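**Student:** A single structure is presented below for examination.
The values are calculated or read from the model by the stated rules, or taken from the named source; none is laboratory data. The model shown is predicted, which means the values in this text are computed figures rather than measured ones. Every residue, glycine as well, gets a Cβ built from its backbone with ideal geometry; the counts of neighbours run over all protein chains shown.
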Amino acid sequence: MTTTPLNGTLAEPAPTPLALLLLGREADTASERGVDCPGDLPAASDPDLVARARAAKAALGDRVFILGHHYQRDEVIEFADVTGDSFKLARDAADRPDAEFIVFCGVHFMAESADILTSADQRVILPDLAAGCSMADMATAEQVAECWDVLTDAGVADTVVPVAYMNSSADIKAFTGRHGGTICTSSNAERALTWAFEQTAGAARSASDKGGGGRGAGKVLFLPDQHLGRNTAVRDLGISPDECVVYNPHKPHGGLTAEQLRDAKMILWRGHCSVHGRFSLDSVNEVRERVPGVTVLVHPECKHEVVEAADLVGSTEYIIRALDAAEPGSTWAIGTELNLVRRLAKAHPDKEVVFLDRTVCFCSTMNRIDLPHLVWTLESLVEGRVPNVITVDPETEKFAKLALDQMLALP
Ligand code: SF4
């Protein structure tokens with residue numbers, strides 16, 4: 001592989017569609033990946049960081065509203081005005097029209113959603129532009145447009161309704177809006193799929209009247225997380241795993257024949273979360289041996305076999321509520337991001353809360369947002385500089401909002 005020397009010591013892979021940029025360097029506007037973070041960051045070892053963050057936040061007062069995703073570090077969560085999952089945070093931001101600056105301690109697609117849902121005069125700021133999401137990166141606008149061409153050539157596009165997970169770029173949300181689909185979260189994926197299949201029933205009838213459609217007529221294209229799509233379709237809607245096919249954007253025609261596409265009900269994009277995708281059936285079996293009587297609770301972004309082997313499955317908010325409601329003395333193994341699991345363990349000293357896997361499982365890009373980046377952001381704002389503004393262009397915003405509004409209107 002060709003490499004480019006950086007500073008005489010580091011080498012970066014030559015750009016390919018799959019090569020990761022060294023985080024925090026260069027611009028990569030075609031994806032969620034990082035661009036540089038200008039200015040001098042305070043040193044992580046600065047003993048005054050907490051005091052500096054407090055002082056800058058106090059100086060900004062109501063002009064700033066800080067959002068903290070559940071997977072953020074404790075040192076950042078300490079300064080969040082609200083915490084939550086990505087959609088809750090975007091709505092919280094929309095509910096604060098007086099706040100001039102929305103500092104989103106999360107990842108890039110979340111800040112985009114906040115920009116879409118907030119007013120034009122509010123600025124959404126991501127403290128480190130290198131905080132992307134590997135799952136969102138797995139579906140680019142070009143790849144998804146190509147997929148639609150493949151579906152069109154196979155004669156099934158008229159019968160497909162796209163459903164995009166919240167964890168996708170604004171481009172993918174806009175694609176979904178353009179094609180009459182909806183966004184979903186891990187809390188409402190079942191409702192979103194049910195709604196989408198109701199839409200496809202009508203589309204399939206009209207396609208069949210025109211001689212199109214096919215055997216599995218009425219389909220959903222689920223983007224970009226194959227696991228959430230499969231888990232919801234199979235577990236909640238009773239769709240057979242045989243009716244789910246995986247579209248691989250790195251293979252010609254997605255690696256699927258026209259016949260496979262015609263027979264399918266669920267066309268799952270080949271994407272996954274690099275955190276939740278790590279949990280395995282072995283993790284579940286091992287924790288059951290290690291902790292007798294444990295209740296295994298996992299996120300639906302985990303693989304299907306993990307979800308099947310778990311006792312309970314639910315979104316981040318569901319996991320938090322389940323722990324709040326749990327009996328004192330009960331034991332829990334949680335399959336989600338480690339920062340959140342640690343916080344839950346700390347918040348529930350009367351329960352035993354363990355991490356589902358023995359290996360470390362932080363979201364590395366979420367962890368890009370640390371106290372030095374937050375201090376740098378807040379102090380820049382105090383000094384009158386507005387760094388790292390995330391802006392979605394009006395055309396993309398229009399169609400992405402259509403898909404987001406459709407989600408809000410789900411029955
Ligand atoms: S936890 Fe997974 S889905 Fe969430 S931001 Fe990290 S990589 Fe993306």
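**Student:** Of Glu308, Glu317, which residue is within 15 Å of the ligand (Cβ to nearest atom), surrounded by fewer than 19 Cβ atoms within 10 Å (Cβ to Cβ) and closer than 22 Å to Cys184 by Cβ? Walk me through how you get there before you give the answer.
**Tutor:** Working: Glu308 fails: within 15 Å of the ligand (Cβ to nearest atom).
Being within 15 Å of the ligand (Cβ to nearest atom), surrounded by fewer than 19 Cβ atoms within 10 Å (Cβ to Cβ) and closer than 22 Å to Cys184 by Cβ holds for just one of Glu308, Glu317, which is Glu317.
**Student:** Still on this structure: Among what's in the range 252-296 and is surrounded by fewer than 18 Cβ atoms within 10 Å (Cβ to Cβ) and of a type in the set (Gly, Ala, Ser), pick the residue that is farthest from Asp242 (Cα to Cα).
**Tutor:** Ranking the candidates gives Gly293 first.
**Student:** Is there a residue in the range 105-115 that is under 13 Å from Leu374 (Cα atoms) and at pLDDT 95 or above?
**Tutor:** First pass over the range 105-115, keeping only residues under 13 Å from Leu374 (Cα atoms): 105-106.
Right, trim to at pLDDT 95 or above and you get 105-106.
Checked the range 105-115: at least one residue is under 13 Å from Leu374 (Cα atoms) and at pLDDT 95 or above.
**Student:** Answer yes or no as to whether Asp282 is away from the ligand (no atom under 16 Å from the Cβ), under 24 Å from Asp85 (Cα atoms) and of a type in the set (Asp, Glu). Steps first, please.
**Tutor:** Numbers: away from the ligand (no atom under 16 Å from the Cβ): yes; under 24 Å from Asp85 (Cα atoms): no; of a type in the set (Asp, Glu): yes.
The answer is no for Asp282.
**Student:** Now for a separate question. For the condition touching a Ser or Thr at 6+ places or on another chain (Cβ under 8 Å) and under 23 Å from Arg343 (Cα atoms), what is the one hit in Asp92, Asp115, Asp137, Asp85?
**Tutor:** Numbers: Asp92 fails: touching a Ser or Thr at 6+ places or on another chain (Cβ under 8 Å); Asp115 fails: under 23 Å from Arg343 (Cα atoms); Asp137 fails: under 23 Å from Arg343 (Cα atoms).
Answer to the selection: Asp85.
**Student:** Could you name every one of the helices (runs of 4 or more DSSP H) located completely within the range 100-199 that has at least 1 residues being more than 14 Å from the ligand (Cβ to nearest atom), closer than 29 Å to Thr83 by Cβ and out of contact with any Lys or Arg (no Cβ under 7 Å at 6 or more places or on another chain)? Working first, answer last.
**Tutor:** Working: elements: 108-117, 134-137, 141-153, 170-178.
Output list reads 108-117, 170-178.
**Student:** Scan the range 398-411 and tell me whether some residue there is touching a His at 6+ places or on another chain (Cβ under 8 Å) and not assigned by TED's automatic domain parsing to the domain that holds Thr331.
**Tutor:** Step one: filter the range 398-411 for residues touching a His at 6+ places or on another chain (Cβ under 8 Å), giving none.
Within the range 398-411, none of the residues are touching a His at 6+ places or on another chain (Cβ under 8 Å) and not assigned by TED's automatic domain parsing to the domain that holds Thr331.
**Student:** In the range 218-228, which residues are within 11 Å of Lys265 (Cβ to Cβ) and of a type outside the set (A, V, I, L, M, F, W, C)?
**Tutor:** Gly218, Lys219
**Student:** Further question on the same structure: Regarding the range 321-329, can at least one residue be identified that is outside the structural domain of His69 (by TED's automatic domain parsing) and in contact with a helix residue (DSSP H, G or I) (Cβ under 6 Å, 6 or more places away or on another chain)? Full working, then the answer.
**Tutor:** Filtering the range 321-329 for residues outside the structural domain of His69 (by TED's automatic domain parsing) gives 321-329.
If we keep only those that are in contact with a helix residue (DSSP H, G or I) (Cβ under 6 Å, 6 or more places away or on another chain) as well, we get 323.
Yes; the residues of the range 321-329 include at least one that is outside the structural domain of His69 (by TED's automatic domain parsing) and in contact with a helix residue (DSSP H, G or I) (Cβ under 6 Å, 6 or more places away or on another chain).
**Student:** Select from the range 240-275 the residues that are in contact with a helix residue (DSSP H, G or I) (Cβ under 7 Å, 6 or more places away or on another chain) and within 16 Å of the ligand (Cβ to nearest atom) and list them in ascending order.
**Tutor:** Leu268, Trp269, Arg270, Gly271, His272, Cys273, Ser274
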